[in-house]
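Data block below; observations after.
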Amino acid sequence: MKGLVERDVPRRTLRTRRLNPEGKRDFFLARRSETIMKRFFIVCAGLGVALLTVHGLAQQPRTSGQDLDIVPVHGNVYMIAGAGGNITASIGRDGVFLVDTGLAAMSDKVLEAVRQLTRQVQVKEPPVDLRWGAETRGTLQNSLNPAMPPKPIRYIVNTHFHPDHTGGNEKLAKAGRTFTGGNVAGDIADAGQGAAIFAYENTLNHMSAPTGSQAPTPDGAWPTDTFHQESMKLSHFFNGDAIQIVHIPGAHTDGDVIVYFRGSDVLASGDIFQMTTYPFIDVDNGGTINGLIEGCNRMLDIVIPEFRMEGGTMVVPGHGRLSDGADLAYYRDMLTIIRDRAQALIKQGKTLEQVKAAKITADYDPRWGVSNTVWSTDKFVEAVYKTLHRAGSPEGLRYGFPKAAPKPAATTKKKNQ
Ligand SMILES: [Zn+2]
């Protein structure tokens, strides 16, 4: 549904999980979180980068009881949590690449966090040796003045259109800069100003409107570059990463993408995967349970774990704490088991009310159950049921559900009369 703000859903970051007594309900996950904390502290000590809460931000009055957490992930990639949906940020010599931009109300804080990280990374990084990325300074400039000016936000990717993931688009894009070549800048008023915003085509469709009608978001927030194929990739390395953007059809919405940083080995999943609750399936905007499972499987194809331990490819979920392949596999299994239970009941001809009464999520509710004004376990089961049951739909047909009985047409009636 449009206008949905998922920050209402309880958020557990590394920090909050540690303090949260609810963690006791799931010993395994609490323990995992502890271990990840320890691992981060080791990594942080090595790099001289602390698991930090942005100074200054922490001292500002907290809006809705939240400030931002910045978690170093791998290489140049960081997770910024607490601004709505999680933001993945690649920050380095080539500038800033963001996946999602959080809520509009949080964009000043996000911008400040990005600027602070940029300054820190600049201090941390040794002087440029030779050619790094496509957008680095020349080696001559560098030898004359080794102190590099901080680079702006160059690219933003929206994983889907929901406002807790795109709300900061306008402000953050404006603060950024797109580099153009040749005489393009002379032809297009906007060229050379503002970061580029990539998204799947349907995401732009949800955010914009045909000429003459009122768009749900201001045009400054709209994606500037869309694609409609299965995937796209950034045309060059950025901060040492090849960056791939892959569309997952009909998952959380009809415009989801996952973003893979193929050097730092970090995946940004958008809301296809989240560590807080059962996934929100935006049925009205093309979301389906099978698409979600397919999305998790696509990500699991990419993810490779470390040898008998946590880590390996890291996954920044749409909401909640930083995750790895084991978390993702557990989540995929949970969705698959619940989907199969619903499917079996539907095949027996059970109604939605009967499926709800069967409590098909009971064993997972202590960890993933949710009940708030926006999303609840009941609504999740309903969405699973609806997208499986939709007779004649690809989901329905795939599992052998019969097509909907044709409505009695006027001609048939006449025949009978
Ligand atoms: Zn969403």
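A few points about this structure:
- Filtering the stretch 85-103 to residues that are small (Gly, Ala, Ser) and modelled with pLDDT under 95 leaves GLY92, GLY95.
- For the stretch 234-253, residues that are surrounded by fewer than 24 Cβ atoms within 10 Å (Cβ to Cβ) and on the phi < 0 side of the Ramachandran plot total 10.
- Considering the stretch 224-233, the residues that are surrounded by fewer than 19 Cβ atoms within 10 Å (Cβ to Cβ) and assigned to a strand (DSSP E or B) include one that is farthest from the ligand (Cβ to nearest atom), namely LYS233.
- Selection within the stretch 256-279: residues that are of a type outside the set (A, V, I, L, M, F, W, C) and more than 16 Å from the ligand (Cβ to nearest atom). The member of this set that is surrounded by the most Cβ atoms within 10 Å (Cβ to Cβ) is TYR260.
- Selection status of GLN214, on the phi < 0 side of the Ramachandran plot and touching a His at 6+ places or on another chain (Cβ under 6 Å): no
- Criterion violated by SER107 - all others in (1) among the small types (Gly, Ala, Ser); (2) modelled with pLDDT of 65 or more; (3) within 28 Å of GLY312 (Cβ to Cβ) satisfied: (3)
- Selection from the stretch 299-347 of residues that are surrounded by fewer than 19 Cβ atoms within 10 Å (Cβ to Cβ) and small (Gly, Ala, Ser): GLY311, GLY312, ALA326, ALA329, ALA344
- Scanning the stretch 230-267 for residues that are more than 15 Å from the chain's Cα centre (by Cα) and hydroxyl-bearing (Ser, Thr, Tyr), we see that the one that is farthest from ASP301 (Cα to Cα) is SER235.
- Filtering THR361, THR373 for residues that are at pLDDT 95 or above and not in a helix (DSSP H, G or I) leaves a single hit, THR361.
- Screening the candidates THR253, THR217, THR211 for the property of being within 14 Å of the ligand (Cβ to nearest atom) and of a type in the set (Ser, Thr, Tyr) yields one hit, THR253.
- Checking LYS356 against (1) surrounded by 19 or more Cβ atoms within 10 Å (Cβ to Cβ); (2) in contact with a helix residue (DSSP H, G or I) (Cβ under 9 Å, 6 or more places away or on another chain), the condition it does not meet: (1)
- Picking from residues in the stretch 280-303 that are touching an Asp or Glu at 6+ places or on another chain (Cβ under 8 Å) and closer than 12 Å to LEU267 by Cβ, the one that is nearest to the ligand (Cβ to nearest atom) is GLY295.
The values are calculated or read from the model by the stated rules, or taken from the named source; none is laboratory data. Note that this is a predicted model, so its numbers are computed, not measured. In this analysis, Cβ positions are derived from the backbone assuming ideal geometry, glycine residues included, and neighbour counts consider all displayed protein chains.
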